[in-house]
Amino acid sequence: MTGRIHFHTETDLAFALIRLVRELQARLQLQKPIQMFIAGGMAAHLYTASRVTCDVDAEFSHRFVLPSDLLVETESGQMLYIDTNYNSTFALMHEDYLEDAIRLPVSSDLVEVFVLSPVDLIVSKIARLSGPDLSDIESIIRTQLVSADEIEQRATEALGGYVGNMRNVELNLVDVLALARRCQQNA
């Protein structure tokens, strides 16, 4: 990947995320640091500022019970919460996606926040590839300068650990690579 990573942390949604993380720390009464790894629409928003979401898809370095009433309101009145149904095992994920996640420059005292790398975020959307996934992928490619070759390499490596319907994932990968190549040609 070329270029420097830029996170959009000055948006209404990003400010709400920061409040949500701080509220999580307070409600859990943490005594030691944990890591939070953000995927999905919130990660796309942090990279592009063009995606709006009401939930945060995240996994954590430690186990705990997430308070069911944990949510914050954005300045525009939208509610933001951590999706308790998110599960990274349902996505196409490279085996190194957590190690390659990028630290968000805002956290709380005991919650370190990371975002899937742009290429891993794209790869994570390939298996499902529905709803806003294609527009998220296009925006990430354009703003973070991810190449088709990088996506193909990372996704191909990730396929080794995938046990779902390979044909659908392979067809989705073809579509994503075609999109990435069009973006590269128009850049």
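When you look at Asp120, is it among the acidic types (Asp, Glu) and farther than 19 Å from Met36 by Cα, yes or no? Criteria not met by Asp120. Screening the range 26-52 for residues that are touching a residue at least 12 places away in the same chain (Cβ under 8 Å), hydrophobic (A, V, I, L, M, F, W, C) and in a helix (DSSP H, G or I) and picking the one that is most open to solvent (accessible area, probe 1.4 Å) gives Leu28. Of all residues in the range 123-148, exactly one satisfies the criterion of being within 13 Å of Ala180 (Cβ to Cβ), among the basic types (Lys, Arg) and at pLDDT below 95, namely Arg142. Scanning the range 128-149 for residues that are open to solvent by less than 30 Å² (accessible area, probe 1.4 Å) and touching a Gly at 6+ places or on another chain (Cβ under 8 Å) turns up Asp136, Gln144. Scanning the range 88-127 for residues that are assigned to a loop (DSSP other than H, G, I, E, B), free of Cβ contacts under 8 Å to residues at least 40 places away in the same chain and open to solvent by 60 Å² or more (accessible area, probe 1.4 Å) yields a total of 2. Being over 18 Å from the mean Cα position of the chain (by Cα), outside any loop (DSSP other than H, G, I, E, B) and more than 25 Å from Leu134 (Cβ to Cβ) holds for only one residue in Glu75, Glu23, and it is Glu23. Name every residue in the range 1-25 that is open to solvent by 50 Å² or more (accessible area, probe 1.4 Å) and over 22 Å from Ser139 (Cβ atoms), in order of residue number. Within the range 1-25, Arg19, Arg22, Glu23 qualify. Annotation: of all residues in the range 150-187 being part of a helix (DSSP H, G or I) and over 24 Å from Ser88 (Cβ atoms), the one that is most open to solvent (accessible area, probe 1.4 Å) is Gln185.
The values are calculated or read from the model by the stated rules, or taken from the named source; none is laboratory data. Keep in mind that this is a model prediction, so the values were computed, not measured. Don't worry about glycine lacking a Cβ; one is built from the backbone with ideal geometry, like all the others, and counts go over all protein chains shown. Note: accessible area is taken over every heavy atom of the protein model, side chains too, but ligands, DNA and RNA are not part of it. Shrake-Rupley method; radii C 1.70, N 1.55, O 1.52, S 1.80 Å.
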